[in-house]
1. Roughly how many nanometres apart are two label points built 7 Å out from the Cα toward the Cβ at residue 215 and residue 252?
2. Could you give each residue of the stretch 287-292 its phi-based ³J(HN,Hα) in whole Hz, using Karplus coefficients 6.51, -1.76, 1.60 with θ = phi - 60°, and x for Gly or Pro?
3. Normalised by the residues of the stretch 152-247, what does the relative contact order come to in percent, with Cα pairs under 8 Å and at least six apart?
4. Report the Stokes-Einstein translational diffusion coefficient (µm² s⁻¹, integer) for the chain, Rh taken as the Kirkwood radius over Cα pairs, at 10 °C with viscosity 1.306 mPa s.
5. If you place +1 on the Cβ of every Lys and Arg and -1 on the Cβ of every Asp and Glu, how big does the dipole about the Cα centre of the chain come out, in debye to the nearest 20?
6. With each label point set 7 Å from Cα along the Cα-Cβ vector, what nm distance links residue 96 and residue 13?
7. Toward the positive end of the charge dipole of the chain, about the Cα centre and with charges on Cβ (Lys, Arg +1; Asp, Glu -1), which of 36, 201, 183 goes farthest?
8. Taking the inverse of the average 1/r across all pairs of different Cα atoms in the stretch 193-304, what Kirkwood radius in Å do you get?
Amino acid sequence: MAATEGGPAVLAHPLDPTRLDALLALSGAAGWNQDADDWTHMLSVGRGWGLSQADGTLVASTVVLPYGPADGLGGGFAWVSMVLVLPQCRGRGHASRLLREALGWLSARGLVPVLDATPAGHPVYRREGFVDAWGLARHARDGGTPLPDAAVPEGLRIEPLREGHWPGLRALDAPAFGGDRTALLRALGQRAPRLAHVALHDGRVTGYVLGRPGRGATQLGPLVAADAATGIALLDAALAATPGRVLADTPDTQGAMHAALHARGFAVQRPFTRMLYPDDAPAASIRAPGDPSTLRLIAGPELG
Ligand SMILES: CC(C)(COP(=O)(O)OP(=O)(O)OC[C@H]1O[C@@H](n2cnc3c(N)ncnc32)[C@H](O)[C@@H]1OP(=O)(O)O)[C@@H](O)C(=O)NCCC(=O)NCCS
């Protein structure tokens, strides 16, 4: 289907995971951090739509990542991700058009759309009917800042992630995230084993951290921990294995994590808003999946 919408005609099509150069050009033009592994993962577990000009230039993208329901955690939902338009093609309705395509696909499958909006994306989502759930902040740290000498709380052990830790890790993650994202967690564990750590208390997994390399920085997260001190000990274990620039996205309610990040040389780069598409649910029952009290770092705004 072609449309002009005030610029050159564009054609809608499924996103082709083999066109990595075009995908990376799109995310790179916005200064985003995704690398080829990120796009490959998202398009293998999710579904994407694009708009291209007649000369083949990819000008816009949208991806959805379905996450399965975990035991006792209600229905499934899907992350709306990689909503991007080339800078010179913005303001022509491209993002709104692909968003509607994605919302139609999710509605047909009974999946609730959830996303983390940038300030630029927020008005576009509001217009389509998304509502705010809670706020997040992206923190960034350049390499070279020394880490403070923080003691690991008594009785707690921080260890590199091993196969035997997975059942405990998954049991901790499901209520924090609000769904089953095992495929994502496994992929992150394989991509950056040096960052992957668990916290153990009496042999029980009480926290974990994962992360991944990116185009210009290492992204830490998700980091889930039963208490703030465990979360900070995990942060330090991952940071000790991360030279160079680091990004970490934390819910606004995580005061102790914000303070710990600042003490380690991080500065807030930009806000995000977690939003969901409420359908016809009564306003009082609208709640984003998961528990931001134990979710100390999210995986990233494009992953949840
Ligand atoms: C956010 C982003 C995706 C929006 O893309 P876009 O294609 O410009 O969005 P749309 O055109 O659908 O809507 C944006 C504006 O264009 C206007 N618009 C929509 N259709 C239009 C048309 N046919 N002609 C002119 N303007 C139009 C909209 O009213 C809207 O204006 P407003 O927000 O100032 O009120 C784009 O700015 C972007 O890639 N930003 C960087 C990455 C980013 O932050 N993505 C969001 C991730 S959550």
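1. Inter-label distance under the simple model: 2.8 nm.
2. 8, 5, x, x, 9, x
3. Computed over the stretch 152-247, the figure is 29 percent.
4. Here the translational diffusion coefficient equals 80 µm²/s.
5. Computed charge dipole of the chain: roughly 360 debye.
6. 2.6
7. 36
8. For the stretch 193-304, inverting the mean 1/r across all distinct Cα pairs yields 14.9 Å.
Each value in this text was obtained by applying a stated rule to the coordinates, not by laboratory testing. What you see is a predicted model; the values in this text were computed from it and never measured. Here the Cβ is made from the backbone with ideal geometry for all residues, glycine too, and neighbour counts use every protein chain on show.
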